[in-house]
Amino acid sequence: MQTKSPVIIIGGGPAGLAAAHQCLSLKMQPIVFEMNNLVGGISRTEVYKDYLFDIGGHRFFTRMENIDRLWQEMMGDDFLTVSRRSRIFYQGRLYDYPLKATNALLNLGIIESLLIIASYLKAQVCPLTPEANFEQWVANRFGWRLYRTFFKTYTEKVWGMPCDQIQAAWAAQRIKGLSLKSAVINAMFGGGTAKSLIDSFKYPRKGPGMMWERFKDHIEHNNGSVLLNSKTESLRHENGRIIAMTYRDTADELHTMPVEQMISSIPVSRLIKLLDPAPPAEVLAAADTLSYRSFLIVGLIINKKGLFPDQWLYIHSPEVKVGRIQNFGNWSAAMVPDPDKSSIGMEYFCTIGDTLWQTADADLIKMASAELTKLGLLDQAEIIDGTVIRQPLAYPVYDAGYNKNLLIIREFLATIGNLQTIGRNGMHRYNNMDHSMQTGIMAAKNVNGAQYNLWTINEEDSYLEAETPTLAKSTLVTKLLSRSFARMDEVAFATATGTLAGLVLFLATIWLLIRGGDNVGQHLKLIGQYFIGYSVTMEGAFIALAYAFFSGFLFGWSLAYLRNLFLTLYLYQIKKKNEMMSLKDLMDQL
Ligand SMILES: Cc1cc2nc3c(=O)[nH]c(=O)nc-3n(C[C@H](O)[C@H](O)[C@H](O)COP(=O)(O)OP(=O)(O)OC[C@H]3O[C@@H](n4cnc5c(N)ncnc54)[C@H](O)[C@@H]3O)c2cc1C
């Protein structure tokens, strides 16, 4: 794949910019085409009257050392460490999230708390089978009552459908938590190494867009280009290669340029539609079925400081449409230009074309202001201004057919040798910024001759191992552990111990017989007190063989059984502890 011509990168979001950055490190020239007037994609920062608005509140957190390093290099002292504070608003009360026992107890009351514990225990004893949907998936792990209290309404707001219609497979895929393997390693080696978003995260002083502006500057200072307001309109392909790209520039003029190597972070369903000639009908149909959840923020400027101490609140109350409320000043003070004021982001999850999406901005601002008052969080008179930011295609949806259709698209795209798709929507994968960037970095390396399979990123641990030696070491430990933790076959072990015991006693008896003497086997014959009929004779040797085999068998079987039982209980306890850990950031992963 090596190239001397510029590498054409579509999309100036985290994935595209990371790809361009990597191209420069490999001495290749990147040109990034971004249709928006600023970089960052879903992770951009919008500005309204000097107030900075993040599209959802982007926490910078990664387990990938290379990405962590890159972020730190780009931001230097402007990369703040923020201590997380978030709560759930439910029935007029605020609950700490991650849930804290005393806070939940005080808010829920003793009776409801006991009912939640009883419902949890019931779920452990009689889980629902088969575990077909998200509702059952959560209820099986945490109990129905906890699920209904804290997870149902918010999840339904995010996905716009009842939880019993969301597939359990989605939950299993998305809510990965810590694998049992990592949990065992942590438990055995003093763990706790698994960092998480729970307690703190990094954040650029002026919002996530500041990071991407720094990437843009770096690219432009190093002979690369980032062209804003430049929308890719079509891609001409021939003999399994993209040969030309047509794009619309700032002046609304169309240009066509030759293509040697292309990396695209355009939503893959849209990319398919840009191809000329058009792909087969089956591929177009598959692209049409990929669906997305969109998102809008009503940004409100409030004539008051210190509204609440959290960075954000989850709003469970079904009587309002808002799903989450961001308090940007608590992410970074620099997000709010006037220290006597505040800015908040009322987040609404929607689908392009639905009523919410089509509501006029002025009406959305009115609605959001009224909801804030209804929740009792603010007096409407304190809201002095507002703006609306829309984010189409914010969440790729994992519905029943998405995997099959994505595979059809992937198979077709694999026939175009010089085109790689990267990023969140580029791969229709629920990637965060770090995994999106990683796909871009690997794609750039592929242009330079490497052969990474981008589809394994955020799917397997293996690609991480290549990047981070500490994890590679843990894999060796894992292999050793999985051998030691394998179930012991009781009968096989019992047969071995029985045979060994039988043979030892048999041979000891025979040996004493052969040695002979006045009083043959005076010590050994004491065994006869336990093994009735045993004596140090030829006949006794066979009786010993039978007795010792039987006793050894019993001993071996019990040992193996107890060891397996202990191991099962140990793993069960780790699994449960692990599940309870994932309860702590379940809301973050929805
Ligand atoms: C509400 C919300 C909260 C989130 N919070 C977090 C978080 O806390 N932490 C985290 O790590 N991640 C978070 N994410 C995920 C994060 O936003 C994405 O992982 C990341 O932005 C994906 O980067 P990307 O480059 O793949 O795609 P995008 O950000 O979508 O960028 C793609 C770019 O391509 C451009 N483009 C599209 N079509 C064309 C075209 N035809 N021509 C030219 N340009 C085009 C778009 O304008 C866009 O700029 C969140 C996402 C959402 C929706």
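The values are calculated or read from the model by the stated rules, or taken from the named source; none is laboratory data. Computed from a predicted model, the values in this text were never measured in an experiment. Glycine gets a Cβ as well: all are built from the backbone with ideal geometry, and neighbour counts include every protein chain shown.
Go through (1) near the ligand (Cβ under 9 Å from one of its atoms); (2) in contact with a strand residue (DSSP E or B) (Cβ under 9 Å, 6 or more places away or on another chain) one by one and return the number of the condition ALA18 breaks.
(2)
Does any residue of region 550-571 turn out to be in contact (Cβ under 8 Å) with a residue 12 or more places away in the chain and among the basic types (Lys, Arg)?
Yes, the conditions are met somewhere in region 550-571.
Restricting region 432-454 to residues that are of a type in the set (S, T, N, Q) and within 16 Å of the ligand (Cβ to nearest atom), which is nearest to ILE67 (Cα to Cα)?
GLN438
Name the single residue that is farthest from the ligand (Cβ to nearest atom) among those in region 400-431 being touching a Phe, Trp or Tyr at 6+ places or on another chain (Cβ under 8 Å) and on the phi < 0 side of the Ramachandran plot.
Only one residue fits best here, namely ARG410.
In a loop (DSSP other than H, G, I, E, B), among the charged types (D, E, K, R) and closer than 17 Å to ILE88 by Cβ: is that true of LYS304 in this structure?
The answer is no for LYS304.
Evaluate the following for ASP78: is it within 15 Å of the ligand (Cβ to nearest atom) and modelled with pLDDT of 95 or more?
no
Those residues that are within 11 Å of the ligand (Cβ to nearest atom) and either at pLDDT below 95 or assigned to a strand (DSSP E or B) (or both), I need them from region 264-279; list them, please.
The one that is within 11 Å of the ligand (Cβ to nearest atom) and either at pLDDT below 95 or assigned to a strand (DSSP E or B) (or both): SER264.
Give the residue, chosen from LEU284, LEU307, that is modelled with pLDDT of 95 or more and either surrounded by fewer than 17 Cβ atoms within 10 Å (Cβ to Cβ) or among the aliphatic types (A, V, I, L, M) (or both).
Result: LEU284 is the single residue among LEU284, LEU307 that is modelled with pLDDT of 95 or more and either surrounded by fewer than 17 Cβ atoms within 10 Å (Cβ to Cβ) or among the aliphatic types (A, V, I, L, M) (or both).
Considering (1) over 30 Å from ASN140 (Cα atoms); (2) part of a helix (DSSP H, G or I); (3) among the aromatic types (Phe, Trp, Tyr), say which one TYR570 fails and leave the rest.
(1)
Yes/no matrix, rows are residues, columns are (1) assigned by TED's automatic domain parsing to the domain that holds ASN446; (2) within 16 Å of GLY417 (Cβ to Cβ); (3) more than 29 Å from the chain's Cα centre (by Cα):
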site	(1), (2), (3)
GLU220	yes, no, yes
ASN223	yes, no, yes
VAL226	yes, no, yes
LYS231	yes, no, yes
GLY240	yes, yes, yes
ALA244	yes, yes, yes
ASP252	yes, no, yes
ARG270	yes, no, no
ASP276	yes, no, yes
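Contact list please: Cβ distance under 8 Å, first residue in region 378-404 and in a strand (DSSP E or B), second residue among the acidic types (Asp, Glu) and more than 16 Å from the ligand (Cβ to nearest atom), pairs at least six apart or on different chains.
THR387/ASP361; VAL388/ASP361
Going by the conditions given, is THR250 in a loop (DSSP other than H, G, I, E, B) and either touching a helix residue (DSSP H, G or I) at 6+ places or on another chain (Cβ under 6 Å) or of a type outside the set (A, V, I, L, M, F, W, C) (or both)?
yes
Among the residues of region 452-474, are any more than 26 Å from the chain's Cα centre (by Cα), part of a helix (DSSP H, G or I) and either over 30 Å from THR62 (Cβ atoms) or modelled with pLDDT of 90 or more (or both)?
no
Only one of (1) more than 16 Å from the ligand (Cβ to nearest atom); (2) touching a Cys at 6+ places or on another chain (Cβ under 6 Å) fails for ILE117. Which number is that?
It is condition (2) that ILE117 fails.
Pick out the one residue from ILE8, ILE55, ILE42 that is within 15 Å of the ligand (Cβ to nearest atom) and farther than 30 Å from VAL336 by Cα.
ILE8
Only residues that are among the charged types (D, E, K, R) and without any contact (Cβ under 8 Å) to a residue 60 or more places away in the chain: list them for region 271-310, please.
LYS273, ASP276, ASP288, LYS305
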